[in-house]
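Let me begin by presenting the structure, written as structure tokens, before commenting on it.
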Amino acid sequence: MRTVEQSTPTTTFQLWQRLAGAPLGKWVFSLAVRLRAPYFRTILPTVVHMRPGFSEVRAPKWWGVHNHLGTFHAIAMCNLAELAMGMLAEATVPATHRWIPRGMTVDYLAKARTSLRAVAQLAEIPAFGGEPVDLPVPVLVYDKTGRVVVQAVITVKVSER
């Protein structure tokens, strides 16, 4: 089985590397993500950290994500988890490969009454080769107090282009 070096970054990760350290760079990058993937616009996300095997994304609590209880609605939290997974995948999967979500399991652990922070993190970065791989990506969503309100695992299929 042939393996691929992680040294072939995606254009998304290259853009992050260029912008993240610049003034307003994270804001510009996050705006570009929202324009590229419009279904994330309603959660008003900001990408905070992005590197191979790790990403952190934040979303403010505002009326557009409220449910009938005035808390973050379930699908908004799923969108935030999916975006965190996607940023991790863009930083981790080499440009020679593609990824697509195959499934998602979600546990809603507490009401989300504040702005949220989603963290996707891999314990180990796999070597990507010629055979397709199902990669489970764990994501934890925290409220402002540090309490985990959502726990998700999003499985992505990674294969050669």
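Can you list the trypsin sites (Lys or Arg not before Pro) in the range 1-101 that are in a DSSP coil and have 10 or fewer other beta carbons within 10 angstrom? Walk me through the numbers on the way to the answer.
Working: sites: ARG2, ARG18, LYS26, ARG34, ARG36, ARG41, ARG58, LYS61, ARG98; in loops: ARG2, LYS61.
Sites meeting the loop and neighbour criteria: ARG2.
Over the alpha carbons of the range 103-153, what is the largest minus smallest coordinate on each principal axis, giving the biggest first in Å?
Result for the range 103-153: principal-axis Cα extents of 44, 18, 14 Å.
May I ask for the net charge around LYS157, where only other residues with Cβ less than 9 Å from the Cβ of LYS157 are counted and Lys, Arg are +1 while Asp, Glu are -1? Display every interim value, and only then the final one.
Details: positive: ARG98, ARG102; negative: ASP134.
Every neighbour counted, the sum reads +1.
Connecting C-alpha atoms closer than 10 Å in a GNM of the chain, tell me which of LEU69, LEU44, LEU135 has the biggest fluctuation.
Comparing LEU69, LEU44, LEU135 in a Gaussian network model of the chain, the most mobile one is LEU69.
Loop-only chymotrypsin sites (Phe, Trp or Tyr not before Pro) in the range 28-88, please: DSSP not H, G, I, E or B, and at most 13 other Cβ atoms within 10 Å.
TRP62
Take the alpha-carbon positions of the chain, form their convex hull, and give its projected area averaged over all directions (one quarter of the hull surface) in nm².
Working: hull surface 37.2 nm².
Across all orientations, the chain yields a mean hull projection of 9.3 nm².
Pick out, in residue order, every one of the GluC sites (Glu not before Pro) in the range 32-134 that is DSSP loop and has at most 11 other C-beta atoms within 10 Å; say none if there are none.
On the way: sites: GLU56, GLU82, GLU90, GLU124; in loops: GLU124.
Taking the range 32-134 and a limit of 11 other Cβ atoms within 10 Å, the loop GluC sites (Glu not before Pro) found are GLU124.
GLU124 versus TYR108, label points 7 Å from Cα toward the beta carbon: distance in nm?
3.5 nm
Could you give the Stokes-Einstein D for the range 1-96 in µm² per second, using the C-alpha Kirkwood radius, 10 °C, 1.306 mPa s? Don't jump to the answer; show the numbers that get you there.
Values: Rh = 14.2 Å.
The estimated diffusion coefficient comes to 112 µm²/s.
Coordinate-derived values only; no laboratory data. Treat the numbers as computed from the prediction; the structure is a model and nothing was measured. Backbone-built Cβ (ideal geometry, glycine too); neighbour counts: all protein chains shown.
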